[in-house]
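Presented below is the structure to which this report refers.
The values are calculated or read from the model by the stated rules, or taken from the named source; none is laboratory data. The structure presented is a predicted model; accordingly, all values stated were derived computationally and were not measured. FYI the Cβ positions are ideal-geometry reconstructions off the backbone, even for glycines, and counts take in every protein chain you see. What goes into the accessible areas is simple: the full protein's heavy atoms, side chains included, and nothing from ligands, DNA or RNA. Shrake-Rupley method; radii C 1.70, N 1.55, O 1.52, S 1.80 Å.
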Amino acid sequence: MNYIPPVNFSDLQDLLCNAEDALEEEQYVTAIHKADKAHEELRKVYLDILNIKIKGHLGQGRLTIALSYAEILIKEFPDYIPGFEFIVDILIKQEKLHKAIDMCDNLMTRKRVGKRRYWWDDDADYETLFRLKEYAIQRLNSRCDFMKQLPLDVIALIFDGFSFDMISICMDVSRHWRETLIRTRITNRLHNWNYSLDYDRIGSIQSIQLLGKYLKGLEVRILNSVPEYVHKKQQDLFKKVSFCQLRSLSITQGGSEINELSYQRTITKLLENACSTLEEIQFNGLDTHFFNQAIEICPNIKKLFYSSFSKELTMFNFDERGESLSLLQLTDLRIYTTKNISNQNVESILRHAVNLEHLMIGHCDSNVLSVLLKHRLQHNNKKLRRIFINPEDACFITDYDKYRLSRRFYRETVDVQLCENVTAGLLLPLLNDMIDHLKGFALTVIPGGRESHWKDWTCFSNFGSPSIRCMNIGFTPATESIFASVIRNCPSLEMIEFHHGAKPTSIIYNALQSLPTLHSFTINNEKTCDTLPNSVNSRDLLNFFTHYASLGDQSTLDEIRLCHIDDLDLVTLLEMTEIETLKEVELCDINTPHNLPLDHPIQALKNLYLLERVVIKMGYREVTDVGIQQLDCKTIELSSLEYITTEGVSNLIKNSSILKELRISNCGNNNIRTDIIQTLAKDKNIVFSS
């Protein structure tokens, strides 16, 4: 490679001095001539600087930076062939062989014959380009495209874990890659695509067009404001891609400074494009316009979820649409807003969605219970069997069924939480109408209100059914005996959960002990109001555990969850560990008198030979390595344990014999060496996650 001759800086200084002298003597032609020569020398200096920078970054392996300086070099000196040699060399190192060969071909046509035009022209430079081209061709021919060598089923296995974004990028590698990926069964597994409207790193529209017709689910996240040109590109994307098999659509707005008008056209185009196949739609934080639009243009929709903390749900008049509005396919409707949804809107929805099976509404007043009963009686509609009114944490509406056990296992459930002025007179008629199919119910009675409001609950003591399997209740001392009677009236009850500050005493515990099939017991005060205590009657709970411990292997109780409880005696926890039949134990944010450490009762869990799953989440409560390192069951989850160390977790793994899965999060002040834990877990075939 022929580089520029060195610059003589003393000659450059002489030229500048001569030019200045010529100006003083008014010899302007001479001054300009000297200045031109000085400028040519300066160009040589600039050229030399760029060469040094390029070679310096190449020496450090910074190919991208070196390439940027090489592009500046050929822009400033378009006829400087060594600059192109730099670029070709970098392209070869970046494995962009086709681009390198094309550049060499274009430059070879510029070879000059005869007198050199510039002082840097030399045939040797073109010979270097020719050798670089031959080397690039040799590298290209030596490549082995595994897509041409491997069978389709093996290729499908390779790409099985790839996301939609990655597959769309892979399809842009070549035509052969695109055609091969389409032929594999990988397209049948493209169930979901996570796409953010401010995320632009995806494959070409051509690739997404090919993949779009196989896509079953699309999740769009609107996180930040983006320029208008980005919205136009996205609108063009959703306009050209036909989601002919799209069944599920989720759109979430996560930012507060989003121009709704700019993305409204994009979402509208997406809804119109896939409206004929969509069966499940979820909107989080969007304007109610999209809720109404989905109902109006998606005839096959079965599940519709809408949640918003900042917008009031303003529905159109359903009755004005008449026969043109069809909600016959809708079976699951979940709406959660910060403002009350009117009873008229609920009644109108029920009148059109005659096949509705699952309804969740938050917020609304207690009179909606009468609307639901009227709908069941007048239209003889017995399909609606899952009703949730003002549920807790309903913002997570897609994971709502995972939040409480009753929602996971029982489809026929009524859940009424924190409705204003709910009375037994309003609730009982609906429950009695559903009694033949009802498997579970959840109810919260909170302090406050008129005296007549509390007296009204006395008639509830006669409610119950052998079909009820699960109960989730929050009560007050005044209504405890009423709910004890309800428990006795449900002899097949398997799962009981107390929440919202419920403080069971022997009245409730005696009723539970009369049940022949009680499997799961939970106290969860996470959502307790500030005015309600988190403590429980530790002595009565101790007697309850003693009863089941005395039954030995005849005990039916196999799951206990104690969450967010204050002043729980250690002896009560120790008695719990004497229940031989326990398979699952969850202890979350337990406070003991005088803040005594919890190591002893946690360590005692090792004696439960049937135990399969343990969850320990203690926040700032004291649990040390002594407590955890003897634990051994199939699944162990440790969270927010500030005082445990890497050594303690390592000993837990080393001492285990049946452990299959270990999950750790926010432990040891985040100083747990997960790399060490991962290595130990791998050696013992334990699945570890953090």
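Some notes on this structure:
- Spacing of the modelled spin labels on Asn543 and Asp79, each 7 Å from Cα toward Cβ, amounts to 10.6 nm.
- Amide H within-cut-off set for Met360, under 5 Å, with H built and near neighbours excluded: Leu333, Arg334, Ile335, Phe388
- Between Ser68 and Glu40, the modelled label-to-label distance comes to 3.4 nm, taking each label 7 Å out from Cα in the direction of the beta carbon.
- With 19 Å as the limit on Cα-Cα distance, the pairs of Lys53/Lys75; Lys148/Lys216; Lys583/Lys684; Lys216/Lys303; Lys75/Lys133 that go past it are Lys148/Lys216; Lys583/Lys684; Lys75/Lys133.
- Centroid-to-centroid separation of region 485-508 and region 32-90 [C-alpha atoms, Å]: 82 Å
- Under 5 Å, built H, 5+ apart or other chain: amide partners of Val416: Ile389, Ala442, Leu443, Thr444
- For region 146-157, Karplus couplings with θ = phi - 60° (6.51, -1.76, 1.60), whole Hz, Gly/Pro x: 5, 5, 8, 9, 8, x, 4, 5, 6, 4, 4, 5
- Length added when fully stretched, Leu377-Gln264, from 0.36 nm per residue minus Cα-Cα: 36.6 nm
- Sites listed here are GluC sites (Glu not before Pro) in region 455-534 whose DSSP assignment is loop and whose Cβ has at most 14 other Cβ atoms within 10 Å: Glu526.
- Legend: calculated FRET efficiency, Thr252 to Glu272, from the Cβ-Cβ distance at R0 = 22 Å, rounded to 0.05, equals 0.65.
- Ile435 accessible area, 1.4 Å probe, all protein chains in place, Å² to nearest 10: 40 Å²
- Close amide H partners of Glu622, meaning residues 5 or more places away or on another chain with modelled amide H under 5 Å apart, are Leu598.
- Sum of side-chain charges, Val615 neighbourhood, beta-carbon under 10 Å (Lys, Arg +1; Asp, Glu -1): +1
- Total formal charge among the other residues, if their Cβ is under 12 angstrom from that of Ile101, Lys/Arg +1 and Asp/Glu -1: +1
- Each residue of region 328-333 is assigned a 3J(HN,Hα), and the resulting list reads 5, 7, 5, 10, 9, 10 Hz, derived from the Karplus form 6.51 cos²θ - 1.76 cosθ + 1.60 (θ = phi - 60°), x at Gly and Pro.
- Kirkwood-based Rg to Rh ratio, region 530-624, C-alpha trace: 0.95
- By accessible area with a 1.4 Å probe, ligands and nucleic acids excluded, highest first: order of Lys93, Lys213: Lys93, Lys213
- Residues in region 535-541 carry Karplus couplings, in order, of 7, 10, 7, 5, 5, 5, 5 Hz; the curve used is 6.51 cos²θ - 1.76 cosθ + 1.60 with θ = phi - 60°, and Gly or Pro positions show x.
- Spin-label proximity, Asp566 to region 587-616 - amide N less than 19 Å from point 7 Å beyond Cα toward beta carbon: 588-598
- Full-extension gain in nm, Lys583 to Arg613, via 0.36 nm per residue minus C-alpha separation: 10.1 nm
- Between the C-alpha center of region 339-375 and that of region 598-660 there is a gap of 46 Å.
- Modelled spin-label separation between Ser639 and Asn595, with each label point placed 7 Å from Cα along the Cα-to-Cβ direction: 2.3 nm.
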